[in-house]
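Each value in this text was obtained by applying a stated rule to the coordinates, not by laboratory testing. Remember, it's a predicted structure, so these values are computed and weren't measured experimentally. Here the Cβ is made from the backbone with ideal geometry for all residues, glycine too, and neighbour counts use every protein chain on show.
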Amino acid sequence: MTKLGEKLPRLEQDPAKAFTIFEQSGISIEVTLPGALSLSKGGNSQYAATVTLKNDTEFTVTSAEFKVTLNNVYDSNSTNMQLATVGWKGPGVMDQPKQEMSFTLDAAVSANGSGNCSPKVTLNSNVQWLASMNNGQGTENFTTSLTSVQLTLTSAPETKNGPTLIVL
């Protein structure tokens with residue numbers, strides 16, 4: 001492959017950017033994807049996405065499960081003109097993209113920390129865009145459903161909020 005041929009796939013994608021897709025009560029979920037994509041009519045692009053849970057609470061998040069739906073992209077000037085279908089895809093050529101994917105937290109995330117999340121269907125962390133035959137420009141929209149988050153509540157050692165004990 002020529003030097004130009006090696007660089008072409010990188011030219012159609014902006015550098016990676018973290019998109020916050022959920023944020024509530026100090027817990028946020030981010031998906032890292034290209035900041036922008038440029039596809040030819042009928043073309044496609046695939047990117048290995050990273051899904052991260054950020055914990056800005058004083059507690060440890062011991063487990064989390066959530067679903068991320070990748071919606072199709074429509075032209076900004078026309079709600080009916082589809083520009084691309086988008087889905088979670090495995091590494092195999094024959095793997096069919098799935099619009100919705102469940103994720104789980106890989107390991108406990110301590111207070112003010114972050115941790116990676118993995119898809120429940122192993123290796124389906126790639127995002128694929130399949131362009132239609134239409135011209136236009138649109139923005140991807142995410143839908144997130146947080147199924148459960150489990151926190152481990154621990155008191156700081158200096159907290160004195162129990163009964164006073166006197167030993168005589």
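Placing +1 at every Lys and Arg Cβ and -1 at every Asp and Glu Cβ, with all other atoms neutral, what dipole size does the range 3-151 have around its Cα centre, in debye to the nearest 20? Walk me through the numbers before you get to the answer.
On the way: 10 positive and 13 negative charges, 90 e Å.
Rounded to the nearest 20 debye, it is 440 debye.
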So what's the range 3-151 giving for Cα Rg divided by 2.2 N^0.38 Å, two decimals? 1.12
Restricting to DSSP loop positions (anything but H, G, I, E, B) with no more than 16 other Cβ atoms inside 10 Å of their own Cβ, which GluC sites (Glu not before Pro) remain in the range 44-114? GLU58
Give the long-range amide H neighbours of LEU83: residues separated by 5 or more places, or on another chain, with amide H under 5 Å away, using H modelled in the peptide plane at 1.01 Å from N. VAL73, TYR74, ASP75
How high is the relative contact order of the range 37-133, in percent, with contacts defined as C-alpha pairs under 8 Å that are six or more residues apart? 42 percent
